[in-house]
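Undergrad: Quick one: the structure is below, and I'll ask about it shortly.
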């Protein structure tokens with residue numbers, strides 16, 4: 001239990017959820033009452049609390065609505081595909097994850113390549129990232145916390161993914177024609193996979209991405225963003241940075257930066273208030289939602305004819 005907020009750890013109040021997803025609270029409550037799409041927990045005083053899975057579901061529904069699917073159809077589609085108790089294996093993804101984790105535990109890169117390439121041969125890269133890569137990363141992290149795995153497995157998988165995703169990213173460098181954005185990991189953050197997945201997805205939306213990698217000192221970013229002529233800074237973080245980052249470094253970056261400063265990843269959900277207090281914009285963990293927020297942030301104001 002979080003004593004400051006009265007909420008359970010891992011659960012978020014409606015204010016936070018609406019900020020992260022961009023949904024209106026009235027709409028969210030209607031989805032709950034009318035369609036049963038979301039079933040939040042309740043505090044002793046009756047306040048709604050939402051899990052990471054609830055946030056994923058909200059983002060999924062928003063994406064389907066964005067494709068022109070009516071909310072009534074969305075509800076029916078989701079309910080039809082809900083797994084039955086005897087069919088909770090998540091289709092082929094459970095098998096892919098099992099094969100991939102087994103190959104990582106054996107440090108068998110050939111088997112890891114076979115599992116990853118097999119998934120990519122059948123499904124779009126974005127779906128593979130969402131259903132396979134990110135869940136495997138979470139499972140490895142949980143195994144380490146529970147004493148069932150080691151840092152070596154995470155590093156092995158991290159190096160493999162950096163090579164694979166990095167190659168895809170560099171192949172797409174010439175495709176973007178939109179805003180340039182500067183993206184890097186916050187100080188102390190050594191995991192680049194989330195950053196690379198964001199960079200690839202941003203390229204797919206037309207952004208031109210300048211990647212600076214892991215553990216980036218924030219004081220160097222204002223000069224870099226000016227020289228690269230970027231329109232925004234996106235910081236990625238899955239682990240909490242040192243207190244000094246929140247107290248002085250991030251606020252100093254916001255003050256010195258000529259463009260908006262955004263924070264994505266798990267930290268932007270857990271420490272949303274700290275991000276906003278520093279003057280930065282929390283983007284959340286879901287890449288598609290983060291990119292919608294970023295596009296809205298950089299959209300020209302009404303009457304602005306200055307162009308992209």
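Every read-out reported here was derived from the displayed coordinates using simple, explicitly stated rules and does not represent laboratory data. All figures in this text were calculated on a predicted structure; none of them were measured in a lab.
Undergrad: Debye sum, Cα scatterers, the stretch 91-169, no solvent: what log₁₀ I/I(0) at q = 0.10, 0.18 1/Å?
TA: The Debye formula, applied to the Cα set alone, gives -0.21, -0.69.
Undergrad: Counting each DSSP H run of 4 or more residues in the chain as -39500 (n - 2.57), what helix-only mean residue ellipticity at 222 nm follows after dividing by all residues, to the nearest 500 deg cm²/dmol?
TA: Details: 15 runs with 155 residues, N = 308.
That comes out to -15000 deg cm²/dmol.
Undergrad: What Kirkwood radius, in Å to one decimal, follows from the Cα pairs of the stretch 175-298? Don't skip to the end; give the middle numbers.
TA: Details: mean 1/r = 0.0719 Å⁻¹.
Its Kirkwood hydrodynamic radius stands at 13.9 Å.
Undergrad: Right, next: Relative contact order for the stretch 91-169: what percent, with Cα pairs under 8 Å and sequence separation of 6 or more? Can you show the working numbers first?
TA: Details: 41 pairs, mean separation 23.9, N = 79.
Relative CO of the stretch 91-169 lands at 30 percent.
Undergrad: Moving on to the next point. Hey, how many Å between the Cα centroid of the stretch 270-287 and the Cα centroid of the stretch 40-72?
TA: 19
Undergrad: For the chain, take the alpha-carbon Rg, divide it by the Kirkwood Rh, and send me Rg/Rh.
TA: 0.96
Undergrad: If you count the DSSP beta bridges with both ends in the chain, what percent of them are antiparallel, to the nearest 5?
TA: Working: 6 of 22 bridges.
Here the share of antiparallel DSSP bridges comes out near 25 percent.
Undergrad: With contacts defined as alpha carbon pairs under 8 Å and 6 or more residues apart, what's the relative contact order of the stretch 175-298 in percent?
TA: After rounding, I find 25 percent.
Undergrad: Going by a ≥ b ≥ c, the root eigenvalues of the Cα gyration tensor, does the stretch 125-249 fall in the rounded group (a/c under 1.5), the prolate group (a/b larger than b/c) or the oblate group?
TA: Details: a/c = 2.47, a/b = 1.25, b/c = 1.97.
Verdict is oblate for the stretch 125-249.
Undergrad: Moving to a separate point now. Counting pairs of alpha carbon atoms under 8 Å apart in space and at least six apart in sequence, what relative contact order in percent does the chain give?
TA: Numbers: 384 pairs, mean separation 37.1, N = 308.
Relative contact order for the chain comes out at 12 percent.
Undergrad: Still on this structure: What Kirkwood hydrodynamic radius, in Å, does the stretch 11-82 give when the mean of 1/r is taken over all pairs of distinct Cα atoms and then inverted?
TA: Computed over Cα pairs of the stretch 11-82, the Kirkwood hydrodynamic radius comes out at 12.5 Å.
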